[in-house]
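Just below is one structure, and these are the notes that go with it.
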Amino acid sequence: MGPPGAGKGTQGELLAQHFGIPRYSTGDILRDARRSTTELGLEAQRYMDAGELVPDAVILGIVEQVMSEPEAAGGFLCDGFPRTVAQARGLAEVLARDDLALDAVLNLTVGVGEIVSRLTRRAGLEGRTDDDLQTVRRRLEVYEEQTAPVLEYYRESPVGVTNVDGTGTVDEIQARLRERLSA
Ligand code: AMP
């Protein structure tokens, strides 16, 4: 978990490699669908370009599908999901069906000023269509309105939330995450 630009993708990729498990990034899955102009991609595009969330039913459909792949059997890491309380409840239902539970909810913390500067810098480097200033602002609002409550949801659940300082070098942040997971 963490606001847009917190480093979830970078850190999630490294953690997944470290544990030898798949990383399921709903953002990456949607971008791939958009590139290959599938029906899913076309539906998702207008939400993504506006910095809005793709509807919960669409996201839960994707998640259920990837979680049923054989590679998911040994565990997996979710990146950018769940982003609403409804998605968190949906995930809990899907996990409960297989008698599974989350091992940890990691939350990368980074200040708003740093986020805006990281994201607008990324726009030029990665060419993401949702990294212009106006869309970045909207994504941050959407995060506060719809995703921050997910942290509350997990804080009140048995798994809890593990906050990890998301500032510093990539290696420093990765070391912190691994340390918190082994604690
Ligand atoms: P990300 O790469 O995780 O920042 O996601 C980019 C965009 O994809 C978001 O701004 C949303 O429009 C959409 N998206 C990704 N994951 C989700 C999700 N779990 N729920 C709703 N929309 C999502």
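I need the full set of residues from region 107-123 which are open to solvent by 70 Å² or more (accessible area, probe 1.4 Å) and either without any contact (Cβ under 8 Å) to a residue 12 or more places away in the chain or touching a Ser or Thr at 6+ places or on another chain (Cβ under 9 Å) (or both), in order please.
Start the filter on region 107-123 by keeping residues that are open to solvent by 70 Å² or more (accessible area, probe 1.4 Å), which leaves 112, 114, 121.
Once the filter is applied, which keeps residues that are open to solvent by 70 Å² or more (accessible area, probe 1.4 Å) and either without any contact (Cβ under 8 Å) to a residue 12 or more places away in the chain or touching a Ser or Thr at 6+ places or on another chain (Cβ under 9 Å) (or both), region 107-123 yields E114, R121.
Taking region 26-44, which residues are under 13 Å from the mean Cα position of the chain (by Cα) and either farther than 24 Å from L14 by Cβ or near the ligand (Cβ under 7 Å from one of its atoms) (or both)? Outline the logic, then answer.
First, the residues of region 26-44 that are under 13 Å from the mean Cα position of the chain (by Cα): 26-30.
Residues satisfying the conditions are T26, G27, D28, L30.
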- Item | Any pair with Cβ under 7 angstrom, 6 or more apart, that starts in region 1-29 at a residue that is assigned to a helix (DSSP H, G or I) and open to solvent by 30 Å² or more (accessible area, probe 1.4 Å) and ends at one that is among the basic types (K, R) and within 12 Å of the ligand (Cβ to nearest atom) | E13/R23
- buried (at least 16 other Cβ atoms within 10 Å of the Cβ) and in a helix (DSSP H, G or I), is that true of V142? yes
- Task: Kindly indicate whether A148 is within 15 Å of the chain's Cα centre (by Cα), without any contact (Cβ under 8 Å) to a residue 12 or more places away in the chain, more than 13 Å from the ligand (Cβ to nearest atom) and not in a loop (DSSP other than H, G, I, E, B).
- Result: yes
- Over region 45-97, the set of residues in a loop (DSSP other than H, G, I, E, B), within 11 Å of the ligand (Cβ to nearest atom) and surrounded by fewer than 15 Cβ atoms within 10 Å (Cβ to Cβ) is P55
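A quick yes/no check of all residues on (1) out of contact with any Pro (no Cβ under 9 Å at 6 or more places or on another chain); (2) free of Cβ contacts under 8 Å to residues at least 24 places away in the same chain:
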| site | (1), (2) |
| --- | --- |
| G90 | no, no |
| E93 | yes, yes |
| A101 | no, no |
| V105 | yes, no |
- Query: Of V136, V170, V161, which residue is buried (at least 19 other Cβ atoms within 10 Å of the Cβ) and of a type in the set (A, V, I, L, M)?
  - Reply: V136
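The values are calculated or read from the model by the stated rules, or taken from the named source; none is laboratory data. Since the structure is predicted, the reported quantities are computational estimates derived from the model, not experimental observations. When we count neighbours, we look across all protein chains shown, and the Cβ atoms used for this are built from the backbone with ideal geometry, even at glycine. For accessibility, only protein heavy atoms count, side chains too; no ligands or nucleic acids. Shrake-Rupley method; radii C 1.70, N 1.55, O 1.52, S 1.80 Å.
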